[in-house]
Amino acid sequence: MTKKRLKIAIFTDVFLEVQGGIPSSISAQRESLEKQGHEVVVFCPGFTSPDKNVFLVPTHRWLRFGGAPLSKSPTKVMRWIRKNFPNFSDFDVVHVQYEASCSMAGMKLARQFNIPVVQTMHGREDVAIQTNIPHPLKTFVGVVLNFLHSRYIPHRIKVHRDRRLAPTIATAKMWTLMVNHANFADIVTTPSKHFALKLQSYGVSKKIVVVSNGVADEMVEAFDKKIAKAGKSLVRKMTPGEPLRLFWNSRLSNEKRIMPFLCALTLMKEPFFFSACGDGNAYKRAQRFIRKNGLESRVKLYGRVPHEQILDKMSSQHLSVTVSYGFDTQGLTLLEAEAVGLPVFFCDPDMREIVPSGAAVIAAGPSPEEMAAALDEAARHPEKIEEMSKVMLRHRKEILQSIQIKKLLDIYESF
């Protein structure tokens with residue numbers, strides 16, 4: 001394919017009315033592509049959209065999962081698109097960014113119209129089901145989701161239970177779903193190498209390209225100008241005796257492990273202040289926990305905050321917190337922290353691939369006790385905040401969307 005103005009269709013089940021890394025990543029990619037002259041159309045479930053290039057597929061009125069609208073069956077979505085987009089064959093590439101109903105419809109349509117398919121695997125659905133579904137229903141939900149997926153996407157590989165990443169029937173079913181979904185595409189992208197290797201180990205045979213999420217260049221430039229105008233430095237500093245300021249920029253949900261982190265805060269011996277931006281299925285539980293444990297003076301939950309305000313809120317923090325474990329998500333939180341020179345705290349060793357060496361406080365493990373111990377140690381050595389911040393700032397250009405979008409365009413133009 002010669003370089004030209006591309007017409008790209010993005011299919012996703014997680015976009016509107018949802019706060020998180022996937023919607024932010026899609027938005028940033030789309031904006032960058034459009035600035036380079038390409039046409040991008042997004043198909044997703046939802047109820048209202050002021051954006052003329054975001055088209056809402058048939059959506060269940062009452063059914064939701066984790067607060068996200070759910071599209072109707074792939075058959076109904078495909079029928080609706082065929083009716084409303086008679087020129088669907090004009091798309092040069094279909095980029096699918098999830099594995100549920102709307103995403104399956106996108107893959108099927110691409111195959112029917114002989115359009116190349118790029119599939120982005122954002123994270124571990126096996127961990128999602130283990131974390132979010134009540135214990136008695138895990139196997140049932142895993143079997144049902146696997147069956148529904150297999151009605152539209154052929155399941156040529158079956159992942160069996162093992163002692164590594166698929167120890168239960170539910171997790172094995174979700175790995176089966178993920179692997180076969182990826183193999184139905186032409187090229188697969190993942191946000192990290194460690195996730196790519198795990199997909200390959202379970203049978204993904206299609207080419208996998210690591211394409212990082214990216215932070216919009218404009219957001220970083222605007223942040224820099226505000227800091228300069230205020231006469232401040234981008235380098236973070238912490239004075240001895242000052243409370244360790246911790247910042248959470250993600251969903252307050254089970255898979256993000258907000259509750260274990262709040263438990264860790266109750267075990268800390270050093271002074272701290274924790275701010276959290278985001279909502280999710282554990283938001284009310286977090287509020288109750290804060291009240292019950294008398295944390296009101298040291299913890300502030302802001303709820304959902306417009307994404308454009310996030311970097312400003314990060315400007316006065318010491319550590320950005322992400323405590324997902326085994327979820328293989330890259331975490332836009334980590335990249336935004338790197339963009340503004342904010343050191344990070346995490347407990348999943350896989351995150352070492354993403355965060356520059358020497359720019360993070362790393363817990364020995366995922367337990368509240370291990371997290372509390374690492375945070376107390378960081379609070380006792382305030383001089384290290386400045387050292388880590390300088391490391392972050394040396395690497396910040398690597399995560400700009402303008403850099404990552406070149407990799408994506410190379411994929412699109414390879415067909």
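The values are calculated or read from the model by the stated rules, or taken from the named source; none is laboratory data. Treat the numbers as computed from the prediction; the structure is a model and nothing was measured. Backbone-built Cβ (ideal geometry, glycine too); neighbour counts: all protein chains shown.
Of all residues in segment 55-91, those satisfying the criterion of being closer than 22 Å to N114 by Cα, of a type in the set (K, R) and loosely packed, with under 14 Cβ neighbours inside 10 Å are R82, K83.
Within segment 259-278, is there a residue that is more than 17 Å from F345 (Cβ to Cβ), under 19 Å from the mean Cα position of the chain (by Cα) and assigned by TED's automatic domain parsing to the domain that holds A379? Within segment 259-278, not a single residue is more than 17 Å from F345 (Cβ to Cβ), under 19 Å from the mean Cα position of the chain (by Cα) and assigned by TED's automatic domain parsing to the domain that holds A379. Of the strands (runs of 3 or more DSSP E) contained entirely in segment 11-121, those carrying at least 3 residues that are within 28 Å of A276 (Cα to Cα) fall at 59-65, 68-71.
Across segment 47-88, what is the number of residues that are small (G, A, S) and either touching a residue at least 60 places away in the same chain (Cβ under 8 Å) or touching a helix residue (DSSP H, G or I) at 6+ places or on another chain (Cβ under 9 Å) (or both)? Total satisfying the criteria: 4. Residues being touching a Pro at 6+ places or on another chain (Cβ under 8 Å), more than 28 Å from G303 (Cα to Cα) and assigned to a loop (DSSP other than H, G, I, E, B): count how many of those fall in segment 191-240. Count: 3. Note on segment 69-86: residues that are within 11 Å of V41 (Cβ to Cβ) and of a type outside the set (V, I, T) total 1. When segment 368-408 is filtered for residues that are farther than 24 Å from K35 by Cβ and outside any helix (DSSP H, G or I), the ones remaining, listed by number, are R380, H381, P382.
Annotation note: of G123, G142, the sole residue that is surrounded by 18 or more Cβ atoms within 10 Å (Cβ to Cβ), in contact (Cβ under 8 Å) with a residue 40 or more places away in the chain and under 25 Å from N281 (Cα atoms) is G123. Take P154 and tell me if it is part of a loop (DSSP other than H, G, I, E, B), within 18 Å of K108 (Cα to Cα) and either assigned by TED's automatic domain parsing to the domain that holds N114 or hydrophobic (A, V, I, L, M, F, W, C) (or both). Yes: the conditions hold for P154.
Residues in segment 275-297 that are buried (at least 18 other Cβ atoms within 10 Å of the Cβ) and either in contact (Cβ under 8 Å) with a residue 40 or more places away in the chain or aliphatic (A, V, I, L, M) (or both): S275, A276, G278, D279, G280, N281, A282, A286, I290. Among the residues of segment 273-289, is any touching a helix residue (DSSP H, G or I) at 6+ places or on another chain (Cβ under 7 Å), more than 18 Å from T131 (Cα to Cα) and among the basic types (K, R)? No, segment 273-289 contains no residue that is touching a helix residue (DSSP H, G or I) at 6+ places or on another chain (Cβ under 7 Å), more than 18 Å from T131 (Cα to Cα) and among the basic types (K, R). Scanning segment 367-406 for residues that are among the basic types (K, R) and surrounded by fewer than 15 Cβ atoms within 10 Å (Cβ to Cβ) yields a total of 4. Of all residues in segment 30-52, those satisfying the criterion of being closer than 22 Å to V215 by Cβ and surrounded by fewer than 19 Cβ atoms within 10 Å (Cβ to Cβ) are E31, E34, K35, Q36, G37, D51. If the condition is being among the acidic types (D, E) and farther than 23 Å from L6 by Cβ, then segment 50-100 contributes only E99.
Each residue in segment 266-298 was checked for being over 30 Å from S27 (Cα atoms) and in contact with a strand residue (DSSP E or B) (Cβ under 6 Å, 6 or more places away or on another chain), and 4 of them qualify. Evaluating Q130 against the criteria (1) modelled with pLDDT of 95 or more; (2) more than 21 Å from P23 (Cβ to Cβ); (3) part of a helix (DSSP H, G or I); (4) of a type in the set (S, T, N, Q) leaves one unmet condition, (1).
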